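Below is one structure, written out as structure tokens; comments come after it.
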Amino acid sequence: MSIFSVTLIVAMAALSICLVLTAIRFALGPTLPDRITAFDLFVANVIGMVAIYTELTGNADFIDVAIILSLFGFLGSISFAYYLMKSTR
């Protein structure tokens, strides 16, 4: 096992911890903007985990999954922002 593989495994563990903390913030967030920010961070963490898993396995097919996830994350954030703009008027 190379030092690069060990680094990727450590990064995967760190992102897993961040994912749990983000899920807690999403569940307990007192306001809707807190939950939207947590959702953005959740999607970014999952994309990072998919990218690390792709590098660990050497299977480049998972990059497409990361691209689709980034699209869904962006559209979700935009729709929440649009909802917030409409509800404050």
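The values are calculated or read from the model by the stated rules, or taken from the named source; none is laboratory data. Note that the structure is predicted; figures quoted are calculated from it, not measured. Here the Cβ positions follow ideal geometry from the backbone for every residue, glycine too, while neighbour counts run over all protein chains shown.
Computed quantities for the displayed model
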item	result
Evaluation of Leu21 against (1) of a type in the set (A, V, I, L, M, F, W, C); (2) out of contact with any helix residue (DSSP H, G or I) (no Cβ under 7 Å at 6 or more places or on another chain); (3) surrounded by 15 or more Cβ atoms within 10 Å (Cβ to Cβ) (one fails), failing number	(3)
Candidate set from segment 31-89 (those that are outside any helix (DSSP H, G or I) and not hydrophobic (A, V, I, L, M, F, W, C)); member that is farthest from Ser16 (Cα to Cα)	Arg89
Flag for Ala27 being part of a helix (DSSP H, G or I), at pLDDT 90 or above and in contact with a Gly (Cβ under 8 Å, 6 or more places away or on another chain)	no
Pairs where the first residue, in segment 34-59, is surrounded by fewer than 17 Cβ atoms within 10 Å (Cβ to Cβ) and the second is modelled with pLDDT under 90 and assigned to a helix (DSSP H, G or I), C-beta under 6 Å, 6+ apart	Asp40/Ser77
